[in-house]
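This report concerns only the one structure given below.
Quick note: the coordinates plus some simple rules give every number you see, no bench work behind them. Given the structure is predicted, the values throughout are model-derived calculations rather than measurements. With ideal geometry, Cβ positions are generated from the backbone for all residues, glycine too; neighbour counts draw on all protein chains shown.
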Amino acid sequence: LSVFYGPVLSKRFGRSLGIDIIDFKCCEYDCIYCQLGRTTDKRVGRKHFEKIKIEDFKRGLEDKIKRGPKPDFITFSGSGEPLLEKDIARYIKAAKSVSDIPVAVLTGGGLLGLDDALQDIMEADLIKVSVDGPNEELLQKINRPCSQISFKKNIEGLGRLAASFGGRIWVEIMMIGGINDDMGTINAFKSLFDGLNASIEKIHLNTPTRPSAGSFFKPTGSQKLKVLKDLLGDRAEIVKDLKSDDPAEGPKAGLEDVIEMLKRRPCTLEELSAALDMNINEVIKLISFMLSKSMISCSGTDKDKYYYLRKKETV
Ligand code: SF4
């Protein structure tokens, strides 16, 4: 499967060319809201996933960029935690060697306590870190991390990153109705970010607007998001309703390909990803979009969920 996906349009990153260099759902977390489903390889141990050789990576990336349109960011993200790839520094360097497009790394933040992981992302231009809870209790409840991870280590790592990184740092908070959006937690977020280095450029306030693969969580209402935004000051932004992430505004071919496949037989996400040679994230975005438009239905267990076209699409 290709390690490149997109470019996808995103409100925050513009046109973002995704890079996925790790195995599907390999992560230090198992977030309750994760759209990719439950983590199947939960680990803090970094390794080389051998997804692509550096030379092929450079060639493939050059090709992708040449075919256009030019992305605004090359984004290491994907189907788990990119920092688990122990050669990520080499991939970042390679990405920077083929173009002048800024390189972003999206991390859950659970490995920031590790010196080697922190060092390995220093060449990036932008790092986006998730901080979904202002304390240990909410880290455990929302992110369900590996036992070696603690809130204290994460925040110390984020502090060290903010003190030494030359690029831009963005933080994202996923607000979930009834879980981390009460006034006590909102005030605790304020104290946390007041104490963190001012070099954190932006704090994005997000809330789940699509069902996760596991359960559905209530989004936090606009009023509460605004309360937190006002408390956090100018660097906070609400990113609810990411309409531009809608795949219908991205490459149309992907959607048609998925429809063609589903006309033939119901498929799982993995089957679609393998058959269409598309990154699983791209497939998930398309499937979420199709579910939201009632174009498809699904059946089966969380582990083996099959998607099929609703009647009107099959005729
Ligand atoms: S950090 Fe990201 S990929 Fe990992 S479980 Fe959480 S939402 Fe999913």
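See the values below:
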{"quantity": "Cα gyration tensor shape for the range 261-308, rounded if a/c is under 1.5, else prolate or oblate", "calculated": "rounded"}
{"quantity": "Evaluated over the chain, the Cα radius of gyration and Dmax, each in Å", "calculated": "19.1, 59"}
{"quantity": "Principal axes of the range 1-129: Cα extent on each, largest first, Å", "calculated": "36, 27, 26"}
{"quantity": "The chain: most fluctuating residue of ILE287, ILE65, ILE142 per GNM, C-alpha cutoff 10 Å", "calculated": "ILE65"}
{"quantity": "Most mobile of ASP41, ASP304, ASP72 in a GNM of the chain (Cα contacts under 10 Å)", "calculated": "ASP304"}
{"quantity": "Net length gained if the chain between SER164 and LYS305 were fully extended (0.36 nm per residue, minus Cα distance)", "calculated": "46.4 nm"}
{"quantity": "Partner aspartates and glutamates for LYS153 [C-alpha distance under 13 Å; skip if fewer than 8 residues away on the same chain]", "calculated": "ASP115, GLU136"}
{"quantity": "The range 14-82: Rg to Rh, with Rh as the Kirkwood radius over Cα pairs", "calculated": "1.03"}
{"quantity": "√(5λ) per eigenvalue of the Cα gyration tensor, the range 77-126, largest first, Å", "calculated": "18, 11, 9"}
{"quantity": "Beta bridge orientation in the chain: antiparallel %, DSSP, nearest 5", "calculated": "30 percent"}
{"quantity": "Length released on extending from GLN119 to ILE54, taking residue separation times 0.36 nm less the Cα-Cα span", "calculated": "21.5 nm"}
{"quantity": "Computed [θ] at 222 nm, deg cm²/dmol, the chain (DSSP H ≥ 4; -39,500 (n - 2.57); rounded to nearest 500)", "calculated": "-10000 deg cm²/dmol"}
{"quantity": "Inter-label distance for LYS141 and LYS47, nm, one decimal - labels placed 7 Å from Cα along Cα-to-Cβ", "calculated": "3.4 nm"}
{"quantity": "Cα gyration tensor shape of the range 52-94, rounded if a/c is under 1.5, else prolate or oblate by comparing a/b with b/c", "calculated": "oblate"}
{"quantity": "Distance violations [Cα-Cα > 21 Å] among LYS86/LYS128; LYS25/LYS218; LYS152/LYS229; LYS42/LYS86; LYS53/LYS96", "calculated": "LYS25/LYS218; LYS152/LYS229"}
{"quantity": "Exceeding the 31 Å Cα-Cα cut-off - candidates LYS224/LYS263; LYS64/LYS285; LYS11/LYS51; LYS11/LYS293; LYS47/LYS190", "calculated": "LYS224/LYS263; LYS47/LYS190"}
{"quantity": "The range 1-116, relative contact order [Cα under 8 Å, separation at least 6], %", "calculated": "31 percent"}
{"quantity": "GluC sites (Glu not before Pro) restricted to DSSP loop in the range 39-130 with at most 16 other C-beta within 10 Å", "calculated": "GLU50"}
{"quantity": "Rounded Å value of the spacing that divides the Cα centres of the range 1-21 and the range 253-303", "calculated": "18 Å"}
{"quantity": "Partnerless cysteines, meaning none of the other Cys C-beta atoms lie under 4.7 Å away, in the chain", "calculated": "CYS26, CYS27, CYS146, CYS267, CYS298"}
{"quantity": "Most mobile listed residue (VAL105, VAL131, VAL239) in the chain, GNM with C-alpha springs under 10 Å", "calculated": "VAL239"}
{"quantity": "3J(HN,Hα) from dihedral phi, the range 57-65, Karplus parametrisation 6.51/-1.76/1.60, rounded to Hz, x for glycine, proline", "calculated": "4, 4, 4, x, 5, 4, 4, 4, 5"}
